[in-house]
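Here's the structure, in structure tokens; my notes come after.
The values are calculated or read from the model by the stated rules, or taken from the named source; none is laboratory data. Everything numeric in this text was worked out from a predicted model, so none of it was measured. Cβ coordinates were reconstructed from backbone atoms using ideal geometry, including for glycine residues, and neighbour counts include every protein chain displayed.
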Amino acid sequence: MKRKNNSKQKLINNYNTKISNYYGSLYLKISGNKNYIIATAALFSGSIIFGLLFPNFLKEFQDEIIKAILARVQGKDFFEVTFFIIQNNLRTAFFGFLLGIIFLPVLAILINGFFIGTTLRIAIEKYSPLIIWRLFPHGIFELPAIILSFSYGLKIGLTWFHKDRRKNFANNYREAFAVFVSITLPLIIVAGIIEGGLYAFFR
């Protein structure tokens with residue numbers, strides 16, 4: 001019995017070591033990507049500020065998108081809304097790095113940031129600045145996940161200017177996918193559950 005317990009403990013320790021080593025190596029890779037993360041965060045922040053300052057820019061287009069989103073969640077319960085939010089954010093994050101090869105994430109960063117800025121401005125004017133606290137619980141998980149994913153899209157796009165592009169594209173996509181599955185995916189799921197809960201509570 002003692003031998004069985006020792007064997008089981010050894011397996012658990014080996015598994016924990018592997019997980020620790022895996023996330024340790026992933027952390028080092030993400031740290032090496034910090035310039036792209038900073039650039040992405042700067043673009044994202046700039047577009048949010050632009051949205052806050054100019055909420056009426058492309059207003060008709062904004063209204064159509066908002067109507068379409070509200071129509072999708074109208075009458076839905078917590079689980080349906082949560083699934084919709086997670087699915088939508090996962091799609092955004094996934095294509096955020098996948099389409100980096102054609103520089104589309106740069107445009108997506110600006111559009112997403114702009115819509116967040118305009119939504120914040122409208123919410124603040126309609127209610128009060130305190131409305132921001134309702135975005136904070138899920139935003140601390142969702143925004144880092146989206147920025148991280150888009151930063152890899154930016155990195156992949158700029159690979160066109162590197163030597164040995166084919167090898168760099170393959171390595172960058174492999175790394176981006178690993179980060180997406182191991183970090184972005186869990187963060188978005190947590191954010192979606194929180195956001196779905198807040199939607200169900202305040203509607």
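Of a type in the set (S, T, N, Q) and surrounded by fewer than 17 Cβ atoms within 10 Å (Cβ to Cβ) - does that describe any residue in segment 92-99? Talk me through it step by step, then tell me what you get.
Our first condition is that a residue be of a type in the set (S, T, N, Q); within segment 92-99, this holds for 92.
Now restrict to residues that are surrounded by fewer than 17 Cβ atoms within 10 Å (Cβ to Cβ): none.
Scanning segment 92-99 turns up no residue that is of a type in the set (S, T, N, Q) and surrounded by fewer than 17 Cβ atoms within 10 Å (Cβ to Cβ).
So which of Ile111, Ile147, Ile85 is over 20 Å from Phe50 (Cβ atoms), hydrophobic (A, V, I, L, M, F, W, C) and either part of a loop (DSSP other than H, G, I, E, B) or at pLDDT 85 or above (or both)? Show your work before the answer.
Values: Ile111 fails: over 20 Å from Phe50 (Cβ atoms); Ile147 fails: over 20 Å from Phe50 (Cβ atoms).
Matching residue, one of Ile111, Ile147, Ile85: Ile85.
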Original post:
Quick one: what pairs do we get from segment 9-38, first residue over 28 Å from Ile109 (Cα atoms) and in contact (Cβ under 8 Å) with a residue 60 or more places away in the chain, second polar (S, T, N, Q) and surrounded by 11 or more Cβ atoms within 10 Å (Cβ to Cβ), C-beta under 8 Å, 6+ apart or different chains?
Top reply: Tyr22/Ser182
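Go through segment 159-193 residue by residue and tally those that are of a type outside the set (S, T, N, Q) and at pLDDT below 90. Please lay out each step first, then the result.
From segment 159-193, those of a type outside the set (S, T, N, Q) are 160-167, 169-170, 173-181, 183, 185-193; that's our starting set.
Subsequent filtering for residues that are at pLDDT below 90 retains 160-167.
Of the residues in that region, 8 qualify.
Only one of Ile189, Ile146 is crowded, with 18+ Cβ neighbours inside 10 Å, closer than 30 Å to Ile19 by Cα and among the β-branched types (Val, Ile, Thr). Can you tell me which? Even if it seems obvious, please write down each step before you answer.
On the way: Ile189 fails: crowded, with 18+ Cβ neighbours inside 10 Å.
That would be Ile146, the only listed residue that is crowded, with 18+ Cβ neighbours inside 10 Å, closer than 30 Å to Ile19 by Cα and among the β-branched types (Val, Ile, Thr).
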Subject >> Any hit, segment 106-129, residues being surrounded by 15 or more Cβ atoms within 10 Å (Cβ to Cβ), without any contact (Cβ under 8 Å) to a residue 24 or more places away in the chain and among the aliphatic types (A, V, I, L, M) >> reply: yes
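Answer with yes or no whether Tyr152 is among the aromatic types (Phe, Trp, Tyr), surrounded by 17 or more Cβ atoms within 10 Å (Cβ to Cβ) and more than 14 Å from the chain's Cα centre (by Cα).
Details: among the aromatic types (Phe, Trp, Tyr): yes; surrounded by 17 or more Cβ atoms within 10 Å (Cβ to Cβ): yes; more than 14 Å from the chain's Cα centre (by Cα): no.
No.
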**OP:** Could you grab the pairs with beta carbons closer than 7 Å, sequence gap of 6+ or different chains, first residue in segment 39-56 and more than 12 Å from Val106 (Cα to Cα) and modelled with pLDDT under 95, second one in a helix (DSSP H, G or I) and among the hydroxyl-bearing types (Ser, Thr, Tyr)?
**Re:** Gly51/Thr118; Pro55/Thr118
Subject >> Out of Lys76, Lys18, Lys10, sole residue that is among the basic types (Lys, Arg) and closer than 30 Å to Arg121 by Cα >> reply: Lys76
Subject >> Enumeration of residues in segment 49-75 that are in a loop (DSSP other than H, G, I, E, B) and aliphatic (A, V, I, L, M) >> reply: Leu58
